[in-house]
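S.K.: To start, I am sharing the structure in question, which I have written as structure tokens.
The values are calculated or read from the model by the stated rules, or taken from the named source; none is laboratory data. Given the structure is predicted, the values throughout are model-derived calculations rather than measurements. We place every Cβ from the backbone using ideal geometry, glycine too, and count neighbours over all the protein chains shown.
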Amino acid sequence: MEPTAHADRPPPPRGVYLLPNLLTTGCLFSGFYAIVAAIDKNFAPAGMAVFVAMIFDGLDGRIARLTRTETTFGKEYDSLADMVSFGLAPAIVTYQWGVVRIAEYGREWERFGWLAAFFYAVTAALRLARFNARSATSDKRYFEGLPSPSAAAIVAAFVWFASKPPLQEPGLIGLIGAFLITATAGLLMVSSFSYPSFKKFDIDQRIKRAYMIIVPVFFVLIAIDPPTMLFSMFTTYALSAPVLWVGRRIRRSVRGAPAGTT
């Protein structure tokens, strides 16, 4: 058997192993900060912190693979940090933002609010546990269920958007919508819908000219109105799998319809 391309490479310095874990710690700190900011009623910074956590979460695994410093400890630590930043933090941010307001409309609405927030936290834990259990055998090109960072982004961006004046008092309809969005994001996390992971994206391949135009436009729009654009982008991603599933079912039913039927 021929040696692999990595066989003659020396092992990375011990200090390099700290880098992915430091990035994971940054993710954990961002989630912790989001919770503290929400408790202090600073909801816009709380929403921003969730997106900062997403940046750290996206970097730690890639840096570990790039430096060949992936460890079992790092994977477990990353999962625990994800639970705080993308499970507990969005649930608490939504709870702090909405439950006090919705309680003014009756005790039943208050229960609905905290149950929706707790449901999100539970589904995030289930989503992460399922991912860990199946990561060795799953198709790396797709996620089973909405990834927890994407679900957290929807919840955080909505609260961030709703915290901007003059939308700081959303009313009963807005509050119901917020908790329904939170619960739906949780439901999509534990669904069986397939979402593209983009992990197999090859930056060495030729990038189409359209992408070179679209990507900068997205960054400009995000810079102009971050919460609105981020909420729109992640909501589109979350709804893409159910919409495609419905489309496939409709096509199958049309193909299977007897001739001459309408």
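S.K.: Can you work out which of the residues in the stretch 17-70 that are of a type in the set (Ser, Thr, Tyr) and outside any helix (DSSP H, G or I) is surrounded by the most Cβ atoms within 10 Å (Cβ to Cβ)?
M.R.: Thr69
S.K.: Right, next: Trp97 is checked against (1) modelled with pLDDT of 95 or more; (2) closer than 25 Å to Pro170 by Cβ and fails just one. What number does that condition carry?
M.R.: (1) is the only condition that Trp97 fails.
S.K.: Looking only at residues that are part of a helix (DSSP H, G or I) and either free of Cβ contacts under 8 Å to residues at least 60 places away in the same chain or in contact with a strand residue (DSSP E or B) (Cβ under 7 Å, 6 or more places away or on another chain) (or both) in the stretch 183-194, which one is surrounded by the most Cβ atoms within 10 Å (Cβ to Cβ)?
M.R.: Applying the filter and picking the extreme gives Leu188.
S.K.: Any residue at all in the stretch 195-215 that is closer than 20 Å to Ser148 by Cα, at pLDDT 80 or above and assigned to a strand (DSSP E or B)?
M.R.: Within the stretch 195-215, one or more residues are closer than 20 Å to Ser148 by Cα, at pLDDT 80 or above and assigned to a strand (DSSP E or B).
S.K.: Now for a separate question. Of all residues in the stretch 96-113, which are free of Cβ contacts under 8 Å to residues at least 40 places away in the same chain and buried (at least 19 other Cβ atoms within 10 Å of the Cβ)?
M.R.: Val99
S.K.: Given the condition among the hydrophobic types (A, V, I, L, M, F, W, C) and without any contact (Cβ under 8 Å) to a residue 40 or more places away in the chain, answer yes or no: does some residue in the stretch 138-159 qualify?
M.R.: Within the stretch 138-159 (the criterion being among the hydrophobic types (A, V, I, L, M, F, W, C) and without any contact (Cβ under 8 Å) to a residue 40 or more places away in the chain), the answer is no, since none of the residues qualifies.
S.K.: Next question, about the same structure. Residue by residue through the stretch 163-182, note down the ones that are touching a residue at least 12 places away in the same chain (Cβ under 8 Å) and either among the acidic types (Asp, Glu) or surrounded by fewer than 17 Cβ atoms within 10 Å (Cβ to Cβ) (or both).
M.R.: Residues satisfying the conditions are Lys164, Glu169, Leu172, Gly174, Leu180.
S.K.: Out of Phe131, Phe86, I need the residue that is surrounded by fewer than 20 Cβ atoms within 10 Å (Cβ to Cβ) and under 22 Å from Phe51 (Cα atoms). Which one?
M.R.: Of Phe131, Phe86, the one residue that is surrounded by fewer than 20 Cβ atoms within 10 Å (Cβ to Cβ) and under 22 Å from Phe51 (Cα atoms) is Phe131.
S.K.: Let me ask another. Need the failing condition index for Ala7 against (1) modelled with pLDDT under 65; (2) closer than 30 Å to Tyr95 by Cβ, just the number.
M.R.: Every condition holds for Ala7 apart from (2).
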